[in-house]
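Report on one structure; see the data block that follows.
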Amino acid sequence: MKYLEWNNIISAYFFNPANAGKDIYLYLTKSDIISIGRPYFIEETEEDIWIDYIASIKRGVPGSSGNVIAKAKFAHSKNNLLNSKRQDGSPLEIDGVPVVYPPYIAYLVFIVLPLIEGVDSNSQRANNYYRRLETFLQNNQINENIGTNDFRNNQINRLWEDLASWANLKNNGDFGCFNVIPFTNENWVYVGKVFSQCVLPPKFLNRLPELFESMSLVPNTFYEDHFLREKIKNSRTNLIPKSTLGFLKKDDELSSSIIQTIQRQYKKWTGETHEEIEEGAIIRKKRNYTVAPLFLQFKVNTNDEEIKFSYRMYSSNDYPEDLKFGEHENLYEINGWSKTLPIEFKENLELKDNFNKWIAKFSNRDVRLFISAGTFQLSNDYWIETDVLSKTERMYLLCKNEKQEIIKEWGSTFVNGDFKQEDFEGLPENYSLFWFRNPTQGLYEIPLLTLYTEKRIELIGGLKVNFRTYVNDYLPEVEIVNADGNEKVYLQYKETDDKIFLSKKQSLNNRWLLPERTAIGADFYIKVENENFSGNELPYNLISSDNTAIQVDDSKLPKRDSFGRNITTDVEQYCLGSNIVNPNKSSQRYFCHLSSMFTSTKKEVATNISTTILNNHNGNKLCSFLSLKAELTTEEFFRAFEFYYSKEFSEQQINSNFNLTRLKRASLNYYDFIGLLDYDYETKNVILSPPQFIFIPTTRGRKVLLIGARDSALVEAIVNTAPKHNLQVEITRQFVSNERLLLPDVVTVKAFEQTSTDNYGENCLKAFADELRIKLSNDYFPQVALQDFSANIIDYERTVQQTNENDYDWARYIFNPETLIFEKSETPTFDKSFSLIKYKLNEYTHQFKLWKDNKSYQIDMNWGRFIALKHCNKNVILFDSTSKKVAIPIEMPLPRLLSEAIMLLSGLAPDFKVIDGKKYRIYENVIGIFTQNLFRLKLGQTPIDKTL
């Protein structure tokens, strides 16, 4: 391949939308480069590909000459081509290759390689870069002598700086962020930047969570650089490369840059410490402990001069729904915080759930700072621990008595009235409490009381669509970290000089509010008058979900077989979203025996078309956000659900007994089954389906249901367009029992016959759908097709395949056919003659296995439950033939295709009802499709007659 072709594929590996906002290090091994190049070669061996890469480096950009460093400089000289386009908008080319990335990136990767490949670390000093480079060049038949002068004369530092500018400023970090560390020591001015790319290899960075846990660190806790350096140097572990340890033993610029990188990774650490195990090409995860910090908090009763301490845990991980610390359970409140844990103050407190492998730690400290819990959207009744000394907010300080005098001395630096000692009843023995505000200086002897002057801009409280873009449903707030409180903060749109000054939030002195009319889709900066600091140069963006649903297509929807399993092979008939491709005749309109249910021959005549009003509640907003994203992960769905849930139920959640973790998962399943998206719990992918109208049962005329992606603009367009076609739109809220699932409203459209040629109003529906560019399925009935296509339980049992028996220490739950619940299993062994097992790594990573005759089989969770019931000859489905209702235990969701078939009859998630002390989901209007015979054939269940 040509040099620029190699440059493009290597650059795309590092800089791409999936890496938006992430720190990029130009670290590649020989094996990595071969893997990146492999798709562009056919019969060549790995060595052939490597030789081709080396040859391209030697050739360089056409017209270049000299050694590889001179050629790197020449490649940099072509950088201006990046900023220009042809008249048709396509990129300019060199030698037939489009210039879409800085043309020198492959050279920067190349000069890092000598520190990674083919070096005998025992014979060369770790910091002897030029000797390593010489050896590497010789080993690859590049006969050149390169030294400091070559780097200086060819101004190689400009390449690093230009790459940072391209990644961070020109592209706003949308493809990844590249940080250049400025070295001043003459020995490191050039090679320091090279070393900084590889002293922390990716495998080491990936294993840092294990290192943090082995050093007993706790996430979201303040650790100064010196403390972290000493901890790492003195740790007894094989997780740290010897070369990295060697650098850390020297107190120089490179070791400082290593610590800063580790600090950045630590701040991103969620507390998970799961270990990756390579088994050939497959990487398994062995479950280790998840660590979370405990934060001390207190309430003050100033009238009685009393103080009462308690705790909260914080974790950015989803809490296990059955997390339990002793008697404390259903712990989660909101935004990563637990509910209040009414535990008395205790140094070195540690709470542990051995089954879920969660541990909450309260670190021992001499000094603690407290700020109003309202800062974190918690109750203002509490003061909660923080690691940041605020210049502007009122705070409390709790210290051991041995630190009392030095704290009092610090207090003497405050303005009169801004610092005082409190003497409340309930203070821990040997502790003192101080209240203060507006510190003018920090306390050097106590790192926690450092008063930082370096300011930073952050957007807080909004819902991110991507790295720097927020949805406009609820605007984020502007926070200036280390603010003085008197800053004049303004918004400035990109490429304009106008300043729009922001108003300050009343309750917090370091927060400012974006204008309600902030432009949508326009990049803007947040700046401070007469100041320039971190965050000033990052443009933010607001985006609306309006008019995004109509852009969703089915290109990324997975194909599914009759068992609901993901398939990649070419087959004639398959499920795609809520549709069956090449459905059976029995579901096609003119052959289906249930056709009259969907296309009645009784006319419906309109008397008056009424106006429908959309209530854009947070369930509808969540649905719009999902349509905007179109494709997301389980974690992203959970995050979005919680964001809108906190807006809908902010006050109620604190004292409620609802399990938010369980609600999130139930919501995602129902979003799948009511036809909006495809959720795969194995891959953790969530893909939106395009908007579509399908017929639903009606006694007269025609009625269609909107399924797939939708946003408020699309629903408004449906409402406004329908009267032109003599159609009635109906918007129905989901059942009250499901309000906390944040499901969208049901949107149906009813047609009326106007003339004898109008075909019961169907012609109006077609014209209506065409105008809106929404597909109308009028040649078959998806509900019937899904039911026909769905396999039966006997076929499923025949197709299950054996799987790896190793559980990698994941949490184990065994299905109990009597209670219908997956129950915790903590014994060393279990019945392998027949057991349905759920294994859980975390709240969005599960595996289900069926153990039968001492063999392990991979199984779908919903099919598996009914197989277990069939094995025990247990029937659980209730059927009322008079009212045409079906009751299915809440713990027994139907397999995917059957669930979707039954819910698409109305678009409503089933109602919740307690019958004889047991919880059920009630499905209504199931006449003709879900019969007693169907449940017997498909699921091996003989429904129990019951009046519902």
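Starting from residues that are assigned to a loop (DSSP other than H, G, I, E, B) and more than 23 Å from Ser712 (Cβ to Cβ), keep the ones in region 454-478 and report whichever is farthest from the chain's Cα centre (by Cα). Write out each step before concluding.
First, pick out the residues of region 454-478 that are assigned to a loop (DSSP other than H, G, I, E, B): 454-455, 461-463, 467-468, 472-476.
Next, only the ones that are more than 23 Å from Ser712 (Cβ to Cβ) stay: 454-455, 467-468.
On the way: Glu454: 30, Lys455: 28, Phe467: 11, Arg468: 14 Å.
Among those residues, the one meeting the criterion is Glu454.
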Search result, residues across region 230-252 that are surrounded by 13 or more Cβ atoms within 10 Å (Cβ to Cβ) and modelled with pLDDT of 85 or more: Lys231, Ile232
Determine whether Phe204 is in a helix (DSSP H, G or I) and in contact with a Pro (Cβ under 8 Å, 6 or more places away or on another chain). yes
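This table checks each residue for (1) surrounded by fewer than 15 Cβ atoms within 10 Å (Cβ to Cβ); (2) farther than 30 Å from Arg702 by Cβ.
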{"site": "Cys764", "(1), (2)": "no, no"}
{"site": "Ala769", "(1), (2)": "no, no"}
{"site": "Gln787", "(1), (2)": "no, no"}
{"site": "Glu797", "(1), (2)": "no, yes"}
{"site": "Ala811", "(1), (2)": "no, yes"}
{"site": "Glu823", "(1), (2)": "yes, yes"}
{"site": "Tyr839", "(1), (2)": "no, yes"}
{"site": "Glu843", "(1), (2)": "no, yes"}
{"site": "Asn862", "(1), (2)": "no, yes"}
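Run down Phe848, Phe866, Phe879 and say which single residue is among the aromatic types (Phe, Trp, Tyr), surrounded by 17 or more Cβ atoms within 10 Å (Cβ to Cβ) and more than 28 Å from Asn356 (Cβ to Cβ).
On the way: Phe848 fails: more than 28 Å from Asn356 (Cβ to Cβ); Phe866 fails: more than 28 Å from Asn356 (Cβ to Cβ).
Answer to the selection: Phe879.
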Residue match in region 363-381 (condition: polar (S, T, N, Q), touching a Leu at 6+ places or on another chain (Cβ under 7 Å) and closer than 16 Å to Pro447 by Cβ): no
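Go through region 51-73 and report how many residues are part of a helix (DSSP H, G or I) and either farther than 15 Å from Tyr3 by Cβ or small (Gly, Ala, Ser) (or both). Don't jump to the end; show me each part of the working.
The first filter runs over region 51-73 and keeps only residues part of a helix (DSSP H, G or I), leaving 51-59, 68-73.
This time we only want the ones that are either farther than 15 Å from Tyr3 by Cβ or small (Gly, Ala, Ser) (or both), so: 55-56, 70, 72.
Total satisfying the criteria: 4.
May I ask you to verify whether Tyr671 is within 30 Å of the chain's Cα centre (by Cα), part of a strand (DSSP E or B) and touching a residue at least 24 places away in the same chain (Cβ under 8 Å)?
Working: within 30 Å of the chain's Cα centre (by Cα): yes; part of a strand (DSSP E or B): no; touching a residue at least 24 places away in the same chain (Cβ under 8 Å): yes.
Answer is no for this residue.
Out of Arg589, Arg560, report the one residue that is within 30 Å of the chain's Cα centre (by Cα) and of a type in the set (D, E, K, R).
None of the other options fit; the residue is Arg560.
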Please work out which residue is modelled with the lowest pLDDT, limiting yourself to region 2-46 and to residues that are of a type in the set (Lys, Arg) and assigned to a loop (DSSP other than H, G, I, E, B). Lys22
Within region 344-392, restricting to residues that are among the small types (Gly, Ala, Ser) and within 24 Å of Asn301 (Cα to Cα), the one that is farthest from the chain's Cα centre (by Cα) is Ser390
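Applying the selection to region 276-309, what residues are out of contact with any His (no Cβ under 8 Å at 6 or more places or on another chain) and polar (S, T, N, Q)? Quick ask: steps written out before the conclusion?
Narrowing region 276-309 to residues out of contact with any His (no Cβ under 8 Å at 6 or more places or on another chain): 276-284, 289-309.
Within region 276-309, Thr290, Gln297, Asn301, Thr302, Asn303 meet the criteria.
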If we scan region 93-104, do we find a residue that is in a loop (DSSP other than H, G, I, E, B), of a type outside the set (D, E, K, R), over 20 Å from Ala167 (Cβ atoms) and modelled with pLDDT under 95? yes
Does Pro219 qualify as being in contact with a strand residue (DSSP E or B) (Cβ under 8 Å, 6 or more places away or on another chain) and over 22 Å from Asp23 (Cβ atoms)? no
Screening Phe227, Phe175, Phe195 for residues that are at pLDDT below 85 and either in contact with a helix residue (DSSP H, G or I) (Cβ under 9 Å, 6 or more places away or on another chain) or within 27 Å of Val465 (Cα to Cα) (or both) leaves only Phe195
Across region 252-292, what is the total count of residues that are in contact with a Phe, Trp or Tyr (Cβ under 6 Å, 6 or more places away or on another chain) and assigned to a strand (DSSP E or B)? 3
Provide a single number: the residues in region 920-941 that are outside any helix (DSSP H, G or I) and modelled with pLDDT under 75. 5
How about region 30-53: which of its residues are more than 19 Å from Ser11 (Cβ to Cβ), without any contact (Cβ under 8 Å) to a residue 12 or more places away in the chain and surrounded by 14 or more Cβ atoms within 10 Å (Cβ to Cβ)? Glu44, Ile51
When Leu668 is evaluated against the numbered criteria (1) out of contact with any helix residue (DSSP H, G or I) (no Cβ under 6 Å at 6 or more places or on another chain); (2) buried (at least 18 other Cβ atoms within 10 Å of the Cβ); (3) on the phi < 0 side of the Ramachandran plot, which criterion, by number, is the only one it fails? (1)
When you scan region 206-229, how many residues do you find that are surrounded by fewer than 19 Cβ atoms within 10 Å (Cβ to Cβ) and in contact with a Gly (Cβ under 9 Å, 6 or more places away or on another chain)? 1
Just for region 562-590: of the residues that are in contact with a Cys (Cβ under 9 Å, 6 or more places away or on another chain) and touching a residue at least 24 places away in the same chain (Cβ under 8 Å), which one is surrounded by the fewest Cβ atoms within 10 Å (Cβ to Cβ)? Ser586
Mind counting the residues in region 429-453 that are touching a Leu at 6+ places or on another chain (Cβ under 7 Å) and part of a strand (DSSP E or B)? 4
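Residues checked against (1) among the polar types (S, T, N, Q); (2) closer than 22 Å to Leu115 by Cβ; (3) in contact with a Cys (Cβ under 8 Å, 6 or more places away or on another chain):
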| residue | (1), (2), (3) |
| --- | --- |
| Phe15 | no, yes, no |
| Ala18 | no, no, no |
| Ile24 | no, yes, yes |
| Thr29 | yes, yes, no |
| Asp32 | no, yes, no |
| Gly37 | no, yes, no |
| Thr45 | yes, no, no |
| Ile51 | no, yes, no |
| Ile54 | no, yes, no |
Among Leu369, Leu351, which is the only one that is buried (at least 18 other Cβ atoms within 10 Å of the Cβ), of a type in the set (A, V, I, L, M, F, W, C), touching a residue at least 40 places away in the same chain (Cβ under 8 Å) and over 26 Å from Asn482 (Cβ atoms)? Leu351
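For every residue, the table says whether it meets (1) in contact with a Leu (Cβ under 6 Å, 6 or more places away or on another chain); (2) part of a loop (DSSP other than H, G, I, E, B); (3) surrounded by fewer than 18 Cβ atoms within 10 Å (Cβ to Cβ).
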{"position": "Thr392", "(1), (2), (3)": "no, yes, no"}
{"position": "Leu398", "(1), (2), (3)": "yes, no, no"}
{"position": "Gln404", "(1), (2), (3)": "no, no, yes"}
{"position": "Ile407", "(1), (2), (3)": "no, no, no"}
{"position": "Trp410", "(1), (2), (3)": "yes, no, no"}
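Go over the candidates Leu331, Leu323 one by one and state the one that is closer than 23 Å to Ser646 by Cβ, touching an Asp or Glu at 6+ places or on another chain (Cβ under 7 Å), outside the structural domain of Glu826 (by TED's automatic domain parsing) and buried (at least 20 other Cβ atoms within 10 Å of the Cβ).
Numbers: Leu331 fails: touching an Asp or Glu at 6+ places or on another chain (Cβ under 7 Å).
Selected residue: Leu323, the only one of Leu331, Leu323 that is closer than 23 Å to Ser646 by Cβ, touching an Asp or Glu at 6+ places or on another chain (Cβ under 7 Å), outside the structural domain of Glu826 (by TED's automatic domain parsing) and buried (at least 20 other Cβ atoms within 10 Å of the Cβ).
Which members of region 448-498 meet the condition of being of a type in the set (Lys, Arg) and surrounded by 15 or more Cβ atoms within 10 Å (Cβ to Cβ)? I'd like the intermediate steps shown before the answer.
The first filter runs over region 448-498 and keeps only residues of a type in the set (Lys, Arg), leaving 455-456, 464, 468, 488, 494.
Residues satisfying the conditions are Lys455, Lys464, Arg468.
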Go through region 299-313 and report how many residues are surrounded by 18 or more Cβ atoms within 10 Å (Cβ to Cβ) and either at pLDDT below 95 or more than 18 Å from Leu349 (Cβ to Cβ) (or both). 1
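The values are calculated or read from the model by the stated rules, or taken from the named source; none is laboratory data. Keep in mind that this is a model prediction, so the values were computed, not measured. Neighbour counts run over all protein chains shown; Cβ positions are idealised from the backbone, glycine included.
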